[in-house]
Amino acid sequence: MNTSRIALVTGANQGLGRALVEGLAARMSPDDLVLLTGRSHRRVAETAEEVVRLPGTRARVEGRVLDVTDTGAIAGLAEELRARHGGVDVVISNAVARVLPDESQAERADEFIDVSNTATHAVLRSFGPVLRPGGRLLVVASSLGTLGHLDPRLRHLFDGASLDEVEHAVESWRNAVRHGTAQEAGWPVWLNVPSKVAQVAAVRAVAAARREGDLATGTLVASVCPGMVDTATSRPWFSDYSQAQSPARAAGAVLDLVFAEGADPALYGQLIRFGQALNWYDGTPPVEQDRILTP
């Protein structure tokens, strides 16, 4: 990576996103810049100020308002960083929409898909071209993102798909939810499953297209599973969260990927959990009555 590095985290006001910002700011150099992004101007400003005051903070930290559902804003920020800094070195796409167990999954589908999937596609499209050699482009997903968690009728939509094809599949799913035909087609009621599979498939598509050049420069594009994390978003879904990690501990394994030397070909383009690649074809479709969050 360059001497003066630029890092950006989406969904960084709280939980894992904030912990990632804190870890980046502690492990990067005083000349480096970490951008903490979120939708609320007040929360972004307050959180950035709090991180700046932490004893371990070394790098510069700036808050930036970024609504990830605004794909134009994502593209604009990527272009700004290219123009001002020549690109970016670390991008961690972490934003997620909070859905509670007693809320209708179908009624929240548009917001959930916009934040988790449309935004992921935009981050990959906009920041991939401005990622500097040796950089890291990581999408936070979960172990639910392996293909086997989908009904067999749907797996062909994502296996070996291009990013355009993944986007088309996501919009087909969205329309099926809107029209009440999703379950008949095999889509699970629980939004998290197809959303995570689509996130991982999108990363795999982008990584496949740039693998050779990235490995030659030590650049890593991958999705990451941080494991079970005790946050406001995930806590309502836990039947037992006594073994859940703190956000800081969960961020550690992701940060180890950020600061590792070079890029391991075995991890490139994969869904990585605690430093190990998960098998893309693993998993079984969920039982709809058992909607406990899987890390």
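Put in order of Cβ neighbour count within 10 Å, fewest first, the listed residues TRP280, TRP173 become TRP280, TRP173. Anisotropy class assigned to region 137-277 is oblate, per the alpha carbon gyration tensor with a/c at or over the 1.5 cut-off and a/b no larger than b/c. Full extension of the segment from ARG84 to GLU261, taken as 0.36 nm per residue of separation minus the current Cα-Cα distance, would add 61.1 nm. Remark on VAL189: its backbone amide H falls under 5 Å from none of the residues 5 or more positions apart or on other chains, H modelled at 1.01 Å from N.
With helices as the sole contributors, the chain gives -12000 deg cm²/dmol at 222 nm; each DSSP H run of n ≥ 4 counts as -39500 (n - 2.57), and the sum is divided by every residue.
Taking neighbour counts of Cβ atoms within 10 Å as a proxy for exposure, in what order, fewest first, do THR10, THR47, THR71, THR181 appear?
Ordered by Cβ neighbours within 10 Å, fewest first: THR181, THR71, THR47, THR10.
Note on LEU54 and THR181: with the Förster distance fixed at 45 Å, the Cβ-Cβ geometry gives a FRET efficiency of about 0.35. Once C-alpha pairs closer than 8 Å and six or more residues apart are averaged by separation and normalised to the residue number of region 125-229, the relative contact order reads 47 percent.
Helices in the chain that qualify as membrane-span-like (whole DSSP H runs, Cα extent of at least 24 Å along the helix axis, mean Kyte-Doolittle hydropathy of -0.5 or higher) are 192-217.
Most simply put, the chain has about 5% antiparallel DSSP beta bridges, counting only bridges with both residues inside it.
Report the Cα centroid-to-centroid distance between region 67-115 and region 251-278 in angstrom, as an integer. Measuring centre to centre over Cα atoms gives 22 Å.
Tell me, Kirkwood radius of region 6-277 from alpha-carbon pair distances, in Å? In region 6-277 this quantity evaluates to 18.7 Å. Relative contact order for the chain: 19 percent, from Cα pairs under 8 Å spaced at least 6 residues apart, divided by residue count. Proximity of backbone amide H atoms, modeled 1.01 Å from N, is registered between GLY87 and ARG82 at under 5 Å, excluding neighbours fewer than 5 places apart on the same chain.
Each reported figure results from applying straightforward, stated rules to the coordinates on display, with no laboratory input. This structure is a prediction, so every number in the text was calculated from the model and none was measured. Don't worry about glycine lacking a Cβ; one is built from the backbone with ideal geometry, like all the others, and counts go over all protein chains shown.
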